[in-house]
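Nothing in this text is a laboratory measurement; each read-out follows from the coordinates by a stated rule. Note that the structure is a prediction, hence the values are computed from the model and not measured. A quick note on method: Cβ atoms are made from the backbone with ideal geometry, for glycine too, and the neighbour counts reach across all protein chains shown.
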Amino acid sequence: MPTLILTPRFTEDSQALGRAAARLGWDVERLRTWHVPEELRSVPEPVLYLEALFGPSLAEPFGLRMLEPAVDWLPRLPEHFRKRRVDLMTLREARSLAAPCFIKPPNDKSFPAQVYAPKDLPEGYDEEMPVLVAEVVTWEKEFRCFILDRKLRTLSIYLRGNEVQRDSDFQAMDAELSEASAFVQTVLDNEHVDLPRTAVLDVGVIEGRGWAVVEQNAAWGSGIYGCDPTEVLQVLRHASVPVGSVPTTDEFRQVR
């Protein structure tokens, strides 16, 4: 029987997942602190839903490592799926850029992802840390897609214009969901796109350019927005692997 492990933070998403897990007959445990107690470390099938900054450290006591994208995944993605320039460089290199760009850490939220003028990039971080630097574009709408074994399990709209779905509670039309699903399928069907077993693909429409991939996220730390929590749980169930396990072909490309 799986046991869903949640952090001390009571978020809307973690509560929705907890309720869905209970309906499935799973056990649900919420950590009281940012420390895994001894009695939880030996549960037979832990399923972890964690914050990005704490995921790896909280997974370690369970003998697990979390699947996540390679830092260079987005720059390596075929350009016709990105429809904009994206480069990987160090924070130091980003400070020497000539114009504002959209800049973010690849897999964590150590500083906010947004458009920065080079002089305004945050201080106090390792200057050699990798950052993704993207051409500034306007996203008309964006969708969150939970993927398991290269199959789309659930999706929802999470951004329209400058409004986040969680704040405005808007819904996607069936036609929009169909278009998003069809575009995601073209990405999943492409043999040049490598993915770990579980992934979250954010896709959307760039003004004047059409459908494109926004980014890939680790499933175990992604907000679910309006996605079906029961389907999200099935993805989370495979979002970690035992420490020392041999990576699959796709995952090997991620960690090379």
- Item | Unsatisfied cross-links (Cα-Cα over 22 Å) in the set LYS104/LYS141; LYS104/LYS151; LYS83/LYS141 | LYS104/LYS151
- Query: What list of ³J(HN,Hα) couplings, whole Hz, do you get for the range 111-123 from phi and the Karplus terms 6.51, -1.76, 1.60, once you set θ to phi - 60° and write x for glycine and proline?
  - Reply: 9, x, 7, 6, 7, 10, 6, x, 5, 9, 4, x, 9
- Query: Going by how many other Cβ atoms sit within 10 Å of their own, how do SER110, SER222 line up, fewest first?
  - Reply: SER110, SER222
- Task: Calculate, for VAL115 and VAL43, the FRET efficiency according to 1/(1 + (r/R0)^6) with r their C-beta to C-beta distance and R0 45 Å; round to the nearest 0.05.
- Result: 0.55
- Membrane-span-like helices in the chain: DSSP H runs reaching 18 Å or more (Cα, own axis), mean Kyte hydropathy at least 0.0? 174-188
- Note on the structure: Expressed as a whole-number percentage, the relative contact order of the chain with C-alpha contacts under 8 angstrom and at least six residues apart is 23
- Item | Assigned charges on the beta-carbon of Lys, Arg, Asp, Glu; the chain dipole about Cα centre (debye) | 100
- Item | Additional length obtainable on full extension of the chain from ARG30 to MET173, 0.36 nm per residue less Cα span | 48.0 nm
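Please work out how much length the chain gains when fully extended from ASP149 to GLN234, using 0.36 nm per residue of separation minus the C-alpha to C-alpha distance, in nm with one decimal.
29.5 nm
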- Just going by the charge dipole of the chain, with Lys and Arg at +1 and Asp and Glu at -1 on Cβ, which of ALA219, GLY55, LEU195 is farthest out on the positive end? LEU195
- Item | Label-point separation, SER57 to VAL243 (7 Å along Cα→Cβ), nm | 1.5
- Message: What whole-number distance in Å separates the alpha-carbon centres of the range 158-197 and the range 1-79?
- Response: 23
